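The values are calculated or read from the model by the stated rules, or taken from the named source; none is laboratory data. Keep in mind the model is a prediction, meaning the values are calculated, not measured. Heads up, the Cβs are rebuilt from the backbone with ideal geometry, glycines too, and the neighbour counts pull from every protein chain shown. Keep in mind that these areas ignore ligands, DNA and RNA; they rest on the heavy atoms of the full protein, side chains included. Shrake-Rupley method; radii C 1.70, N 1.55, O 1.52, S 1.80 Å.
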Amino acid sequence: MENRVPSGTVKLCEQMELLEFPDKFLIRSLDSTNQAFSIGRSNGSIDTQIGDSCSGSPSKVSKIYGVVGTIQLLAGTYVLIITSRTEAGTYLGFPIFRITAMKFLSCNEALKLSTSQEKRDEAYFMSLLRTVESTPGLYYSYEIDLTLNIQRTVKLTDERANKPLWKRADPRFVWNKNLLEELIECKLDPFIIPLVQGSFQTVQFTLKDAPAKITLISRRCTRRLGTRMWRRGANLEGDAANFIETEQLLELEGFKSSFLLIRGSIPLLWEQIVDLSYKPRLKIINHEDTPKVVERHFHDLTQRYGEVMVVDLTDNHGDEGQLSMAFSAEVQKLPRVRYVSFDFHHHCGNSNLDNLQLLYDQISKDFEKQGYCLVDSEGEILAEQKGIVRVNCIDCLDRTNVTQIYLARESLNSQLRKIGALSSTECISKFCEIYEKFKTIWVEQGDEISLEYSGTHAMKSDFVRFGRQTLLGLIKDGMTGLSRYYLNNFHDGIRQDAMDLISGHYTVNFNGPSPFQMNEFESFSAGEMRNILYLLYFGLV
């Protein structure tokens, strides 16, 4: 499986240059001279038959690393390109890149003929595109599909394995899926790069003289994409906010062992309205379709992962307790789903991470039955993961991170014992240097996921590093909480609008009234209220 690209696979362009002419942008591959296309600067039309149509010299030539896609706004088309990247490591022998800079190319000459209201609308849309340009945690490969976990990858049929990356990819995890439509329509397969938002961490070490590697990949689902306070719960289709699949991949002595975990917001219909309070009240939305929403969510999970065990870390009292009780009541109606409530704050508090042993004692039998995927050096599956643990707290960030790390460590111990790298009495925590590396990649993964959802690093990271809450960690978490408060109230509404626009949850209406006159942005009306509350709070109106 390593260092192998299926024969017939379309080779993606890796070395590209952008040539800027007065009337068009030309993007061409430096690997193959016949792979190129142009975009008209006046109307955004794509031309794949460029021939000798580009006369004269370009005003500017620059190196780029990929085309993310296109989006159509009121006054024209905008093309998103990758202008900077860094290598994050390798996955199954193939380089993985993290995007460090993106840029939109404007093809909007029609803006000159727009009405004043259309110009104001377009200006706001363009401000959202600038927000999109700085989207964190985007990863991609020119050679391997990052959206599929190992267990799914080794089961690919030859027919699907030989398709272009975008055709093989799991659409749930393709961040730029909505932006690729025009490139797909124009059959520009060599330029179509599926991006994954989440995290990619890797560490190498030597265990008893045997070289080993752990790779940690988190894949963020795009179906209910959003920011912390602006996307809670599930939609009517059962898609949960902040849903993430995390894969821990161990490579040792020719074996590849993959362990999957998932997280996601409590899949009920609920919200937390931003109102300048430090901790807005949770509100459960009473809806006749709530049972169907929960059923749809878990039906999708069981179809993909097998039996599901829910570990709910929310408090058993207050607003969280009411939400947890409502969740428990719905889940317990479903087959092939086990619900376990574990009040993290009550059991662990600020004391000791090892108190999670109380949780593990409850779930260990089912957890061990779910197992993990084990593949030998020939690509043969020796064992499969037959189920999955779904972990949630309220944000699915801090408590969830700590608990997932604990479960990942237990699974890693089992895998190493199965391979023969550890004896039945040994565990990875006894190898201090290796264990520190293991904890570090999980902490960095938690920080990256938190940045994407909340705008800040994760809390409780000292639980992982030191096994307990420290004074410095307590202070750091307090500062993080204040930062989240500020971002939730005064910044995340704009980020939410940008995500809705780029993911296709909001569609530009070319013939109707201004979206801001109609309050068509799901988060815009709340954003307006946020600004009004801000002015009222500081006595400015």
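Heavy-atom accessible area for C373, with the other protein chains in place and a 1.4 Å probe, reaches approximately 0 Å². Close amide H partners of R338, meaning residues 5 or more places away or on another chain with modelled amide H under 5 Å apart, are V308, M309, V310. Seen from a random direction on average, the alpha-carbon convex hull of the stretch 201-324 projects onto 10.4 square nanometres.
Here's how it looks for G89: its modeled amide H is under 5 Å from those of I96, which are all 5 or more places away or on a different chain. Only the Cβ atoms of Lys and Arg (+1) and of Asp and Glu (-1) were treated as charged; on that basis the dipole of the stretch 164-288 about its Cα centre amounts to roughly 380 debye. The helix-based estimate of mean residue ellipticity at 222 nm for the chain, built from -39,500 (n - 2.57) per DSSP H run of four or more residues and divided by its residue count, is -10500 deg cm²/dmol to the nearest 500.
Checking the a/c ratio against 1.5 first, then a/b against b/c, what shape does the Cα gyration tensor give for the chain? Here the chain falls in the oblate category. Positive-end ranking of A421, I388, I39 along the dipole of the chain, with charges on Cβ about the Cα centre, is headed by A421. Karplus-derived 3J(HN,Hα) values for the stretch 288-305, using 6.51 cos²θ - 1.76 cosθ + 1.60 with θ = phi - 60°, are 5, 8, 3, x, 5, 4, 5, 4, 4, 4, 7, 4, 4, 5, 5, 5, 8, 10 Hz; glycine and proline are entered as x.
The residues of the chain expose on average 43 square angstrom of accessible surface per residue, using a 1.4 Å probe on protein heavy atoms.
Place a +1 charge on the Cβ of each Lys and Arg in the chain and a -1 charge on the Cβ of each Asp and Glu, then give the dipole magnitude about the Cα centre in debye, rounded to the nearest 20.
Details: 61 positive and 69 negative charges, 73 e Å.
Dipole about the Cα centre, nearest 20: 340 debye.
Converting phi to 3J(HN,Hα) with the Karplus coefficients 6.51, -1.76 and 1.60 and the offset θ = phi - 60°, the stretch 227-242 yields 9, 3, 7, 9, 9, 10, x, 10, 8, 5, 7, x, 7, 9, 5, 6 Hz in sequence order, with x at every glycine or proline.
Less than 5 angstrom separates the built amide H of L268 from those of A234, all sequence-distant by 5 or more or on a different chain.
When the solvent-accessible area of the chain is split by element, carbon and sulfur atoms take up 50 percent of it, the probe being 1.4 Å. Each of T246, L128, I82 was placed along the dipole of the chain (beta-carbon charges, centred on the mean Cα), and the one lying farthest toward the positive end is T246.
The distance from the alpha carbon centre of the stretch 193-228 to that of the stretch 381-444 is 14 Å, rounded to a whole number. Enter the accessible area of E410 (Å², nearest 10), with the probe set to 1.4 Å and all protein chains included. Only protein atoms counted, so the area is about 40 Å².
Packing order of peptides 428-441, 492-505, highest average first: 492-505, 428-441 (average count of other Cβ atoms within 10 Å over each peptide's residues).
Phi-derived couplings, Karplus 6.51 cos²θ - 1.76 cosθ + 1.60 at θ = phi - 60°, listed residue by residue for the stretch 307-313: 5, 10, 10, 8, 10, 9, 9 Hz, with x used for Gly and Pro. Taken about its Cα centre, the stretch 71-175 carries a charge dipole of roughly 140 debye when the Cβ of each Lys and Arg holds +1 and the Cβ of each Asp and Glu holds -1. The packing ranking, built from the mean of other Cβ atoms within 10 Å per residue, places the peptides 412-419, 359-366 in the order 412-419, 359-366, highest first.
Of the peptides 236-249, 287-300, the ranking by mean beta-carbon count within 10 Å, highest at the top, reads 236-249, 287-300.
In whole Å, how far is the Cα centre of the stretch 95-144 from that of the stretch 309-352? Cα centres, the stretch 95-144 to the stretch 309-352: 40 Å.
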